[in-house]
Amino acid sequence: MFQHVIVKIPCKAMINGITDHPELGTPDYEKALAQHASYVETLKQCGVDVTVLPADEAYPDSCFVEDPAIVTKYCAVITNPGAPSRKGETAAIEPVLEQFYPKDKIFHITDPGTLEGGDVMMCGDTFYVGQSARTNAEGIRQLGEILSPFGCKVVAVPLTEVLHLKTGVVYLENNNMLTAGEFCTKPAFESYHKVEIPVEEAYAANCIWVNGKVIVPAEYPTVQAAVEALGYPVLVCDTSEFRKIDGGLSCLSLRF
Ligand code: CIR
């Protein structure tokens with residue numbers, strides 16, 4: 001179960017956030033703020049306390065607070081984002097995590113290792129880590145070294161089709177996993193009960209389990225029905241403006 005969630009208000013510069021999908025257009029900032037506020041309210045309905053950090057105009061993608069840190073029940077890890085424009089986001093998140101973790105339980109990924117939290121999927125004590133354009137083999141090795149003393153296993157999952165691992169796969173606890181695209185056939189996920197998401201709704205693979213409920217992005221009826229069929233109460237949240245800069249539900253929070 002999660003007790004805490006950390007989010008960060010989107011900054012005005014988010015309209016210049018990194019995107020592989022310019023064809024989706026530029027985010028509408030006012031709409032993004034409203035969607036973010038409603039995201040926070042939805043999280044509160046899942047019984048967590050939510051720490052809302054102020055916007056940081058220096059970093060266009062800083063609302064995607066999942067990427068500069070990994071939070072576990074054992075420790076926190078400050079990452080080393082692979083995107084040059086996002087590296088400085090880690091300095092702002094560390095003092096916030098010090099309010100929740102003792103200093104000797106906060107670790108760091110360092111050069112030449114790179115790693116972004118969006119590539120890390122926690123399934124119990126196994127951490128699957130996407131080897132992506134943002135996360136390299138050395139970053140994954142360092143994470144393994146940090147987590148193994150806690151009895152955790154780190155498994156690298158090479159990916160080519162999407163930005164981060166969790167762009168295309170989500171673990172919903174109870175052995176259930178939603179997979180899209182290349183993640184439907186990865187040997188690493190063979191033992192899970194997988195529900196395959198159709199290509200036209202692949203964006204909705206980025207949904208989140210929070211304390212028994214699942215938050216799903218608005219307007220993905222097939223995914224919503226599939227999650228309901230698995231027996232989870234579903235909450236819906238519109239993230240259309242974040243999608244335009246390749247972000248979604250999981251990227252917008254740290255949950256622990
Ligand atoms: C980026 O490219 O870094 C941002 N525009 C989107 C980050 C999404 N984060 C995530 O999937 N964890």
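The values are calculated or read from the model by the stated rules, or taken from the named source; none is laboratory data. Note that the structure is a prediction, hence the values are computed from the model and not measured. Cβ: placed from backbone, ideal geometry, glycine included. Neighbour counts: every protein chain shown. Ligands, DNA and RNA are stripped out before the accessible areas are found, and what is left, the full protein with its side chains, is counted by its heavy atoms. Shrake-Rupley method; radii C 1.70, N 1.55, O 1.52, S 1.80 Å.
Describe numerically, in nm with one decimal, the distance between label points set 7 Å from Cα along Cα→Cβ at residue 26 and at residue 200.
3.1 nm
Quick one: net charge of residue 29's neighbours, Cβ under 13 Å, K/R +1, D/E -1?
-1
Suppose every Lys and Arg Cβ carries +1 and every Asp and Glu Cβ carries -1, with no other charges. What dipole size does the chain come out with about its Cα centre, to the nearest 20 debye?
In total the dipole reaches around 560 debye.
What net charge is computed for the residues neighbouring residue 120, neighbours being all others with C-beta under 10 Å from the C-beta of residue 120, Lys and Arg scored +1, Asp and Glu -1?
Neighbourhood net charge equals -3.
Report residue 192's accessible area, 1.4 Å probe, all protein chains in place, as a number in Å² to the nearest 10.
30 Å²
Work through the residues other than residue 137 whose Cβ is under 15 Å from its Cβ and net out their charges, Lys, Arg +1 and Asp, Glu -1.
-3
In debye to the nearest 20, how big a dipole does the stretch 18-166 give about its Cα centre with +1 on each Lys and Arg Cβ and -1 on each Asp and Glu Cβ?
Working: 11 positive and 22 negative charges, 103 e Å.
That gives a dipole near 500 debye.
Where both residues lie in the chain, what percent of DSSP beta bridges are antiparallel, nearest 5?
40 percent
List the relative contact order of the stretch 57-175 as a percent without decimals, with contacts defined as Cα pairs under 8 Å and 6+ residues apart.
It comes to 23 percent, rounded to a whole number.
With all protein chains present and a 1.4 Å probe, how do 160, 179, 26, 51 order by accessible area, largest first?
Final ranking, largest accessible area leading: 160, 26, 51, 179.
If we sort 86-94, 209-217, 162-170 on the protection proxy, mean other Cβ atoms within 10 Å, highest first, what's the order?
162-170, 209-217, 86-94
Could you give the distance between the Cα centres of the stretch 67-105 and the stretch 181-209, to the whole Å?
27 Å
To make sure I understand the rule: partners must be aspartates and glutamates, Cα under 18 Å from the Cα of residue 12, and not fewer than 8 residues away in the same chain. Which ones qualify?
Output for residue 12: 28, 30, 56, 57, 61, 89, 241, 246.
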